[in-house]
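**Student:** Could you have a look at this structure, given as structure tokens, before my questions?
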Amino acid sequence: MKIGLVANPWAGIGGPAGLKGSDGAGSVQAALAAHSLPQVPARLAAMFAACGEAARAIDWYTADGAMGWTALQTAGLQASAVVPVSEPSQAADTRRASGILAGMGIDLLLFAGGDGTARDVLDGLHDTGAVGRLPVLGLPAGVKMQSAVFANHPTAAGLLLRQLQQNGLAVCADAEVMDLDEDALRSGEISPCLYGYLQIPLAPTLTQGGKARHVSGSGAQRMAIARSFAERMEARSLYLIGPGTTTQALLALLGVEGTLLGVDAVLGDGTLLARDATRRELEDLAGDWQASLHLVLSPIGGQGMVLGRGNQQISPRLLRAAGRHGLHVLAPPDKLMSLYGGVLRIDSGDAELDAQFSGYLPVTTGYREQTMWPVSV
């Protein structure tokens, strides 16, 4: 099997810095200034590890340097062809490399990045007439990833590649390529746009599906969930409250002026300690705290992602410190019913840690109402 690999080396770097994305040189520089590190190499490594020996049986074609070749070398894999790119790479390199690789007779184009990278791949394949005939698969490495072209986790991407190498491509399906205006997002305006469709291998348990909208419940439902959780909050414990309208209802009930799309740190008595905080700020705060740590999150509608999409400020270190009993999921019933694959998912950036949360988690779905819901990587 011949697979082409294109990686956006800067994808996801804005997430830990709370920048809501990584598009453009300005965002990358701001993320580096906030001490964020590139996310892509570790996610590629996790994918190759999950793929196992099957990765050596794949005939790899790739872009040069950090856009693919370096990761293959690090994993001990060889490439049959390497497409030269500029250094540092630009979005135009993703478009050009995707088009060139598509013309090399590959069976699948694998890309690492987020929604912006998916758009660049779509443009590159469109320019060469390969849209609709060449299957693609996205390794999730960005911040938002609302498109339906991604595996749900680096481990899932590796398992899917292993299946494809062993069994070949069977059925493919159209998948949406979506993206948000990052500047508008940083101002609190959510304006998703559909840019087109790409073909992906049909594997519902391994791919994430698109983000479902209008499944956030009514205002009364969200307030009932907020009241239920607020009654259980401990005054001196530290709560890191993630993005979303359900968690926003909790902040409003506490009288906290938080942020809809960021992560806020509050005490159980409603004292705001940090608004729209970065990963480093949250880790510093949690490291100095003596009482228990709690993560309060709401899954993405349709996808079921509790952690790893739009809330990368919460690191594996924080997830490990909170533990299973310190991870709290808030969601109205209709959001749970919308989940693609019927499960919640965690993608913290540490595959071994994520696996520890497989099983079931309690989800607060109403006033003094909880539902046990399955969790899977």
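**Student:** From the list 226, 249, 277, which one is in contact with a helix residue (DSSP H, G or I) (Cβ under 8 Å, 6 or more places away or on another chain), open to solvent by less than 20 Å² (accessible area, probe 1.4 Å), assigned to a loop (DSSP other than H, G, I, E, B) and at pLDDT 95 or above?
**Tutor:** The unique qualifying residue is 277.
**Student:** Of the residues 262, 268, which is in contact with a strand residue (DSSP E or B) (Cβ under 7 Å, 6 or more places away or on another chain), more than 18 Å from residue 361 (Cα to Cα), open to solvent by less than 50 Å² (accessible area, probe 1.4 Å) and not aliphatic (A, V, I, L, M)?
**Tutor:** That would be 268, the only listed residue that is in contact with a strand residue (DSSP E or B) (Cβ under 7 Å, 6 or more places away or on another chain), more than 18 Å from residue 361 (Cα to Cα), open to solvent by less than 50 Å² (accessible area, probe 1.4 Å) and not aliphatic (A, V, I, L, M).
**Student:** Would you confirm, using the coordinates I've provided, whether residue 342 is in contact with a Ser or Thr (Cβ under 8 Å, 6 or more places away or on another chain) and on the phi > 0 side of the Ramachandran plot?
**Tutor:** no
Let's see how each residue does on (1) open to solvent by 10 Å² or more (accessible area, probe 1.4 Å); (2) outside any loop (DSSP other than H, G, I, E, B):
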{"residue": "72", "(1), (2)": "no, yes"}
{"residue": "87", "(1), (2)": "yes, no"}
{"residue": "93", "(1), (2)": "yes, yes"}
{"residue": "158", "(1), (2)": "no, yes"}
{"residue": "166", "(1), (2)": "yes, yes"}
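**Student:** Tell me the residue from 296, 263 that is under 28 Å from residue 337 (Cβ atoms), in contact with a Pro (Cβ under 8 Å, 6 or more places away or on another chain) and not acidic (Asp, Glu), please.
**Tutor:** Going through 296, 263 in turn, the sole match is 263.
**Student:** Which one of these is modelled with pLDDT of 95 or more and more than 26 Å from residue 349 (Cα to Cα): 46, 102?
**Tutor:** 102
**Student:** I'm trying to understand the selection: among the residues of region 193-245, which are among the aromatic types (Phe, Trp, Tyr) and under 27 Å from residue 257 (Cα atoms)?
**Tutor:** Those that are among the aromatic types (Phe, Trp, Tyr) and under 27 Å from residue 257 (Cα atoms): 229, 239.
**Student:** Something else now. For region 328-366, name all the residues that are within 21 Å of residue 314 (Cβ to Cβ), open to solvent by 30 Å² or more (accessible area, probe 1.4 Å) and not in a strand (DSSP E or B).
**Tutor:** Those that are within 21 Å of residue 314 (Cβ to Cβ), open to solvent by 30 Å² or more (accessible area, probe 1.4 Å) and not in a strand (DSSP E or B): 349, 350, 351, 352, 355, 356, 358.
**Student:** Scan region 97-154 for residues that are in contact with a helix residue (DSSP H, G or I) (Cβ under 9 Å, 6 or more places away or on another chain), assigned to a loop (DSSP other than H, G, I, E, B), of a type in the set (Val, Ile, Thr) and in contact (Cβ under 8 Å) with a residue 60 or more places away in the chain and report the count.
**Tutor:** Matching residues across region 97-154 total 2.
The values are calculated or read from the model by the stated rules, or taken from the named source; none is laboratory data. Here the structure is a predicted model, which means the values were calculated and not measured. Note: ideal-geometry Cβ built from the backbone for every residue, glycine included; neighbour counts use all protein chains shown. To get the accessible areas, we keep the full protein, side chains included, count just its heavy atoms, and leave off ligands, DNA and RNA. Shrake-Rupley method; radii C 1.70, N 1.55, O 1.52, S 1.80 Å.
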